[in-house]
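Asks: Have a look at the structure that comes next, please.
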Amino acid sequence: MCLDPARVRAGVVALLSDAAKGRYFVAEVDGAVAGQVMVTYEWSDWRDGNIWWLQSVYVKRECRGQGVFRTLFRHVRNLAEADGDVCGLRLYVHAENSTARLTYERAGMKLTPYQVYEIPIGDTAGRQSALPGRSRSALRVGEFQARKEAR
């Protein structure tokens, strides 16, 4: 995977400028950053709670195997348990990253039966103009939002 540094920088600034997007936690060893984790939020209607997604997990190579991730994970888990609105912690990991998978399992995380599907927005390849067997005019989408209280 090749990341675009300018895009990553813009993404970090966007998150740091908007707490609703998530937050970062860093671990330090002797005053130097040793690792980080970002937490983002997903509302689950069928679990009536927030799922905290651990993303951008990184531990410096020279700090691996020293409990940096375990310390970050314990901190985030304690915050989630104290929050009262969190129903789970999740993360995704590349299927071939056996070292990371073992680290997460040692932290108590379990592999779920879910798989991740994604379509890049802006990529028009493979888009269909309408659902098979239906005309465009027969299909409509509406949005439901919470009502604002009258004052």
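Asks: Surrounded by fewer than 16 Cβ atoms within 10 Å (Cβ to Cβ), in a strand (DSSP E or B) and either touching a helix residue (DSSP H, G or I) at 6+ places or on another chain (Cβ under 6 Å) or aromatic (F, W, Y) (or both): is that true of Y92 in this structure?
Replies: Working: surrounded by fewer than 16 Cβ atoms within 10 Å (Cβ to Cβ): yes; in a strand (DSSP E or B): no; either touching a helix residue (DSSP H, G or I) at 6+ places or on another chain (Cβ under 6 Å) or aromatic (F, W, Y) (or both): yes.
No: the conditions fail for Y92.
Asks: Can you tell me which residues in the stretch 27-41 are closer than 21 Å to V93 by Cβ and exposed (fewer than 13 other Cβ atoms within 10 Å of the Cβ)? Walk me through how you get there before you give the answer.
Replies: Taking the stretch 27-41 as the starting set, the residues that turn out to be closer than 21 Å to V93 by Cβ are 27, 34-41.
Scanning the stretch 27-41 gives no hits.
Let's see how each residue does on (1) part of a loop (DSSP other than H, G, I, E, B); (2) modelled with pLDDT under 90; (3) surrounded by fewer than 10 Cβ atoms within 10 Å (Cβ to Cβ); (4) touching a Phe, Trp or Tyr at 6+ places or on another chain (Cβ under 8 Å):
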site: L72; (1), (2), (3), (4): no, no, no, yes
site: R77; (1), (2), (3), (4): no, no, no, no
site: E81; (1), (2), (3), (4): no, no, no, no
site: A125; (1), (2), (3), (4): yes, yes, yes, no
site: G133; (1), (2), (3), (4): yes, yes, yes, no
site: S137; (1), (2), (3), (4): no, yes, yes, no
site: Q145; (1), (2), (3), (4): yes, yes, yes, no
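Asks: Given the criteria in a loop (DSSP other than H, G, I, E, B), under 26 Å from Q145 (Cα atoms) and out of contact with any Asp or Glu (no Cβ under 7 Å at 6 or more places or on another chain), does W46 qualify?
Replies: On the way: in a loop (DSSP other than H, G, I, E, B): yes; under 26 Å from Q145 (Cα atoms): yes; out of contact with any Asp or Glu (no Cβ under 7 Å at 6 or more places or on another chain): yes.
Taking the combined requirement at face value, the residue satisfies it.
Asks: Give just the number: which of (1) touching a helix residue (DSSP H, G or I) at 6+ places or on another chain (Cβ under 9 Å); (2) closer than 24 Å to T112 by Cα does H75 not satisfy?
Replies: With (1) touching a helix residue (DSSP H, G or I) at 6+ places or on another chain (Cβ under 9 Å); (2) closer than 24 Å to T112 by Cα applied to H75, the lone miss is (1).
Asks: Considering only residues that are free of Cβ contacts under 8 Å to residues at least 40 places away in the same chain and surrounded by 12 or more Cβ atoms within 10 Å (Cβ to Cβ), look in the stretch 1-25 and name the one that is farthest from the chain's Cα centre (by Cα).
Replies: So, considering only residues that are free of Cβ contacts under 8 Å to residues at least 40 places away in the same chain and surrounded by 12 or more Cβ atoms within 10 Å (Cβ to Cβ), the one farthest from the chain's Cα centre (by Cα) is L16.
The values are calculated or read from the model by the stated rules, or taken from the named source; none is laboratory data. Everything numeric in this text was worked out from a predicted model, so none of it was measured. Here the Cβ is made from the backbone with ideal geometry for all residues, glycine too, and neighbour counts use every protein chain on show.
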